[in-house]
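These notes concern the structure reproduced below.
The values are calculated or read from the model by the stated rules, or taken from the named source; none is laboratory data. Just so it is clear, the structure is predicted and the values come from calculations on it, not from any experiment. Heads up, the Cβs are rebuilt from the backbone with ideal geometry, glycines too, and the neighbour counts pull from every protein chain shown. Please note that ligands, DNA and RNA were not included when accessible areas were found on the heavy atoms of the full protein model with its side chains. Shrake-Rupley method; radii C 1.70, N 1.55, O 1.52, S 1.80 Å.
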Amino acid sequence: MMKQKTFSVYTLAINSDERIIRLVKTLKTRLKTHLGRSYGSVNSLAHITLIVFVASEDDYQMILAEFKRVLAGLAPLEIELSGFGDFSDRPECTFYIKPGDESVQQIARYCKSMGANFNKLLRQRCTDRWDTIGRKKPHMTIARELTLGEIKASYEFFSGTFTEQFTCNSFVMRKYNEEKRQYEIVDTIPLLGHEYMVGQQMRLF
């Protein structure tokens with residue numbers, strides 16, 4: 001009898017430094033008190049999701065090894081955070097922190113590079129529902145599952161200017177825990193900035 005594979009949802013994400021994690025945690029706690037209720041992502045550590053995919057636990061180590069190979073060619077990057085934004089074109093709205101314009105462009109370039117260099121056959125065979133969120137509208141979520149009224153209240157509550165920045169030296173792999181109903185970091189992948197990526201054809205000119 002063949003062993004049935006167990007599938008999980010994984011995300012590759014930019015993990016912020018400890019100072020930003022503490023700051024965003026404080027913002028979430030303050031908003032929870034202000035709104036008078038809990039909400040989606042209130043316990044999630046500050047991050048910017050880049051890629052979401054589904055894969056079996058049996059195939060995960062191969063996928064992780066490929067991400068390590070691809071990310072070895074990317075250098076650490078500076079992430080600027082500038083102001084707030086929202087997704088309010090859906091029944092359950094999201095309130096988030098916006099990366100600055102230059103950071104958005106840099107994140108999009110990194111996502112494009114990962115898409116171009118990740119082994120296509122491995123992706124086709126071992127992953128499902130691959131979605132490169134970082135190329136569309138990268139964001140750092142504060143609160144999900146809000147009403148339009150709560151989105152308005154969030155803007156009013158955080159009415160001051162918000163500007164921060166941090167250095168990203170690595171990406172993290174997060175796995176969805178069905179029991180806890182939240183993502184957990186399972187691996188950290190360093191950005192090494194190597195000029196030559198293993199398995200990549202060398203440029204002669």
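The table below gives the values:
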item	result
Failed item in (1) open to solvent by less than 80 Å² (accessible area, probe 1.4 Å); (2) free of Cβ contacts under 8 Å to residues at least 12 places away in the same chain, with Lys120 passing the rest	(1)
Residue match in the range 140-147 (condition: assigned to a helix (DSSP H, G or I) and within 21 Å of the chain's Cα centre (by Cα))	no
Boolean, Lys175 is among the charged types (D, E, K, R), in contact with a Gly (Cβ under 9 Å, 6 or more places away or on another chain), surrounded by 14 or more Cβ atoms within 10 Å (Cβ to Cβ) and modelled with pLDDT of 95 or more	no
So Asp131, is it in a loop (DSSP other than H, G, I, E, B) and under 25 Å from Phe7 (Cβ atoms)	no
Verdict on Arg30 being in a loop (DSSP other than H, G, I, E, B), open to solvent by 50 Å² or more (accessible area, probe 1.4 Å) and among the basic types (Lys, Arg)	no
From Thr147, Thr127, residue being more than 30 Å from Thr29 (Cα to Cα) and either open to solvent by 40 Å² or more (accessible area, probe 1.4 Å) or of a type in the set (Ser, Thr, Tyr) (or both)	Thr127
Every residue from the range 52-75 that is outside any helix (DSSP H, G or I) and open to solvent by less than 60 Å² (accessible area, probe 1.4 Å)	Val52, Phe53, Val54, Ala55, Ser56, Asp59, Ala72, Gly73, Leu74, Ala75
Conditions (1) assigned to a helix (DSSP H, G or I); (2) open to solvent by 60 Å² or more (accessible area, probe 1.4 Å): number failed by Tyr183	(1)
Hits in the range 1-27 - residues which are part of a helix (DSSP H, G or I) and without any contact (Cβ under 8 Å) to a residue 60 or more places away in the chain	Glu18, Ile21, Arg22, Lys25, Thr26
Of all residues in the range 186-205 being among the charged types (D, E, K, R) and assigned to a loop (DSSP other than H, G, I, E, B), the one that is modelled with the lowest pLDDT	Arg203
